[in-house]
Structures are given as structure tokens and as C-alpha cells.
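One structure is given below, encoded as C-alpha cells.
The values are calculated or read from the model by the stated rules, or taken from the named source; none is laboratory data. None of these values were measured; they are calculated from a predicted model. Reconstructed Cβ throughout: ideal geometry from the backbone, glycine too, with neighbour counts over all protein chains shown. To get the accessible areas, we keep the full protein, side chains included, count just its heavy atoms, and leave off ligands, DNA and RNA. Shrake-Rupley method; radii C 1.70, N 1.55, O 1.52, S 1.80 Å.
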Amino acid sequence: EWNKLTQYIIEHNPSAIAVHDKDLNYVFVSQKYLETYRVNDPDIIGKHHYDIFPDLPEKWREVHQRVLNGAIESAYDDPYIRDDGSVDYTKWEARPWYDDKNNIRGIIIYTEIINEWKSHMQALNDSEERFKLLVETAPDGIFLYVDRKLVYANSAAAKLVGEINTDEIIGKPLLHWLHPKFKLETETLYNKLLNEK
């Protein structure tokens, strides 16, 4: 019953899981591991990790040695460049496993390929860069205030208030540049908007 529950938990874990002995031979792999890393070898158990993945980078081989000495290591957005030139972006954690006498018997590696997340983040960054370019080159002054403090202004905004660059105006209060006759009216409107929230 316990073995079935353990197997169920492992097989439904979002990470691909591999367990190696001290010599880095496979002791166990989850089905997700085999699928994620396209391992077609039906007899992977007992084989050396680097025989299955000869293109494994040196940095990860060094991680394995540190983990065999008791370290727990992890990384996010770590590229794995394959021999064929393709790149998988990975999220992983490696930790030692112990016997009942607290001796290290090998390592457990939990990994996920996060290519889709990486692609989304790249698209978001590209979109942000395009937006930034659009705002920075806009002919109109753009001011962004949070809690009455200026947190962003484009170059046109700086010129509008007689400054050379935006560093001179960031952090200034909302009413700093207003003509005195507009300050009371603006303050009243601002307070009204806050109270309506």
C-alpha cells in the first residue's frame, strides 16, 4: 500500500525525478523524466547518468560532486545546450539521499523544462521594450504618479517642466509644478478621487 502511494505521488509530481547511486548510476526514474528528456533506453536503470546524457555540461557534473558531498543545490532558468544545438531551459534541484545510518547513498534530481515559460517571458520583455520605446519617443509629456509622487516621466515631460532629464523630476510631489491658482483645485479633485475608491 505504501509503495503504491509513493509511486503515485512520484508519477504525478510536476518535476521529472531521477535517483542515482554514489557512482551516478540510475536507481530510479519517473515516467515523466523519461518523457521530458526523450530517453528511449528501456534499460536505463543501472546505467551511468553521463552515458545516457554525454552532452551534460561540466557545470552540472560539478554540481553532482558537491551534492554527493552533502550540498543541496538548485537553479531556475538554467539553459541545457544539447549536442544537436537545441536548448532546453530548465528548473532543477539536486539533493543527497541517505541510508538509515545517515550515510550519503547518492543523489536525487528534480527537474522541469520551462521552455514555454521562457518563451512567454521573452515575449513579455519584447512587449515591454516596445512600449518603453513608444513612451520615450512620444512627443507629449507623460507623467505617472503613485501616492502623489512622480514615479515615471518621459523625456518630453522633463522638457515640459524645464528640466533636462527625468532624474531631476522623479520623486517630486504632484503639485510641484502647478501654478498656484491650479493647486487648490487639483488637490480637491485628487482627494475626491481617493475618497471614491
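Kindly establish whether T166 is among the polar types (S, T, N, Q), surrounded by fewer than 16 Cβ atoms within 10 Å (Cβ to Cβ) and at pLDDT 70 or above. Full working, then the answer.
Working: among the polar types (S, T, N, Q): yes; surrounded by fewer than 16 Cβ atoms within 10 Å (Cβ to Cβ): no; at pLDDT 70 or above: yes.
Here the answer is no, as T166 does not meet what is asked.
Please go through the stretch 70-106 and pick out each residue that is closer than 17 Å to H20 by Cβ and in a loop (DSSP other than H, G, I, E, B). Matches in the stretch 70-106: G70, A71, I72, D99, N103. In the stretch 107-138, the qualifying residues are those that are in a strand (DSSP E or B) and of a type outside the set (S, T, N, Q), and the one that is farthest from A16 (Cα to Cα) is I107. Residues in the stretch 91-145 that are of a type in the set (D, E, K, R) and in contact with an Asp or Glu (Cβ under 6 Å, 6 or more places away or on another chain): K91, R105. Looking only at residues of the stretch 39-53 that are open to solvent by 90 Å² or more (accessible area, probe 1.4 Å) and farther than 17 Å from G106 by Cβ, we find that the one that is modelled with the highest pLDDT is D43. Taken residue by residue, the stretch 57-64 has at least one member that is surrounded by 12 or more Cβ atoms within 10 Å (Cβ to Cβ), farther than 19 Å from N115 by Cβ and either without any contact (Cβ under 8 Å) to a residue 24 or more places away in the chain or more than 24 Å from the chain's Cα centre (by Cα) (or both). P139 meets the conditions (1) closer than 30 Å to I169 by Cα; (2) open to solvent by less than 70 Å² (accessible area, probe 1.4 Å) in every case but one. The failed one is (2).
Yes or no: the stretch 46-69 includes at least one residue that is of a type outside the set (V, I, T), in a strand (DSSP E or B) and out of contact with any Leu (no Cβ under 9 Å at 6 or more places or on another chain). The answer is no, given that none of the residues of the stretch 46-69 is of a type outside the set (V, I, T), in a strand (DSSP E or B) and out of contact with any Leu (no Cβ under 9 Å at 6 or more places or on another chain). Considering Y98, Y76, Y152, the condition of being free of Cβ contacts under 8 Å to residues at least 12 places away in the same chain, surrounded by 11 or more Cβ atoms within 10 Å (Cβ to Cβ) and out of contact with any helix residue (DSSP H, G or I) (no Cβ under 7 Å at 6 or more places or on another chain) is satisfied by Y98 alone. If you go through the stretch 16-38 and pick out every residue that is over 27 Å from G85 (Cβ atoms), among the basic types (K, R) and either surrounded by 16 or more Cβ atoms within 10 Å (Cβ to Cβ) or in contact with a Cys (Cβ under 9 Å, 6 or more places away or on another chain) (or both), you end up with 0.
Report yes if some residue within the stretch 101-112 is modelled with pLDDT of 90 or more, surrounded by fewer than 13 Cβ atoms within 10 Å (Cβ to Cβ), over 29 Å from L34 (Cα atoms) and not aromatic (F, W, Y); otherwise report no. Before the answer, list the steps.
Going through the stretch 101-112, the residues modelled with pLDDT of 90 or more turn out to be 101-112.
Next, only the ones that are surrounded by fewer than 13 Cβ atoms within 10 Å (Cβ to Cβ) stay: 101-103.
Next cut, over 29 Å from L34 (Cα atoms) only: 101-102.
With the extra rule that they be not aromatic (F, W, Y), the set shrinks to 101-102.
Checked against the condition, which is being modelled with pLDDT of 90 or more, surrounded by fewer than 13 Cβ atoms within 10 Å (Cβ to Cβ), over 29 Å from L34 (Cα atoms) and not aromatic (F, W, Y), the stretch 101-112 yields at least one hit.
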